[in-house]
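Working notes for the structure below.
The values are calculated or read from the model by the stated rules, or taken from the named source; none is laboratory data. This structure is a prediction, so every number in the text was calculated from the model and none was measured. Cβ sites come from the backbone with ideal geometry, for glycine too, and all protein chains shown count toward neighbours. Heavy atoms of the whole protein, side chains included, go into the accessibility calculation; ligands, DNA and RNA do not. Shrake-Rupley method; radii C 1.70, N 1.55, O 1.52, S 1.80 Å.
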Amino acid sequence: MNPEEDLKRASAKAALRKTMALRRDELSEEERAKRSKQACAFAAEVMDRLHLQSMMIYVPFRSELDSRPLIEWAWKQGIQVIVPRSLTQDRSMELYKLQAWDELVSGAYGISEPDPLRSQKWSHSGPDIVWVPGLAFDRMGGRLGYGGGYYDRLSDRLNQGAQDNARLIKKPLWVGIGYEVQVLEQVPMEEHDRVLDGLVTEQGHNVKTRPAAEG
């Protein structure tokens, strides 16, 4: 490990995060709403084609792609909707089943999260699919997150849970969802970063039918 190289890499990633956040912010509210609806329709197509019955998804914050059309579609289809609650003390996430918008409260970082007093904790195996937000994506499974490592830790936990369980449990698909303006030719990745199984934007989808092998 070279501390100087690590510092350079971290600095380059921080600069790229700023650039990509600005690129997303520059979309008008109207444009974001239109593109979000289109992307959510493609995401629903993926869910339908693969016969997926549960999904974990974020609640949108700031200029993130609006996931609410996909959540409402899933409720109508009887698909289980699982939403994370961030625990800042160890940068991990608890999962809750979300059945109505009024189960949300303002949580860590001001993001809407499930209220533990009103939402039911998700105690089953991992969801069929995890819809992953980010600042940038590429078409090879690369993702630039926000730097907290929450999703990488959750991926490790869900994979470990599948391995520890005596029954055969399918690992969830991990699929990025975002605007086309967030797609780069290549996103810088570290060894520990989770490679995604596909990507959905307002221009279409490219999703594997089974999770990529780890490592």
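Kirkwood Rh, region 1-71, all Cα pairs: how many Å?
One decimal place: 14.7 Å for the Kirkwood radius.
Using the Cα centre of region 84-205 as the reference point, and only Cβ charges (+1 on K/R, -1 on D/E), how large is the resulting charge dipole? Debye, rounded to the nearest 20.
It works out to roughly 440 debye.
Given a cut-off of 29 Å, what percent of all Cα-Cα pairs of the chain lie beyond it?
22 percent
With every protein chain kept in place and ligands, DNA and RNA left out, what is the accessible area per residue of the chain? Probe 1.4 Å, answer in Å².
That works out to 55 Å² for each residue.
Compute the distance in nm between two label points, each set 7 Å from the Cα along the Cα-to-Cβ direction, one at Phe61 and one at Thr88.
1.0 nm
At 1.4 Å probe size, with the rest of the protein present, what percent of the exposed accessible area of the chain is carbon and sulfur atoms?
Reported share for carbon and sulfur atoms: 48 percent.
Using unit Cβ charges (K, R positive; D, E negative) and no other charged atoms, how large, in debye to the nearest 20, is the dipole of the chain about its Cα centre?
340 debye
Once you sort the root eigenvalues of the Cα gyration tensor of region 85-162 as a ≥ b ≥ c, which label holds: rounded (a/c under 1.5), prolate (a/b larger than b/c) or oblate (the other case)?
prolate
Please report the antiparallel percentage of the DSSP beta bridges confined to the chain, to the nearest 5.
55 percent
How big is the gap, in Å, between the Cα center of region 64-80 and the Cα center of region 115-132?
Rounded to whole Å, the Cα centres lie 14 Å apart.
Let me know the longest stretch in the chain that avoids all chymotrypsin sites (Phe, Trp or Tyr not before Pro) found in a DSSP loop with at most 14 other C-beta atoms within 10 Å.
62-145
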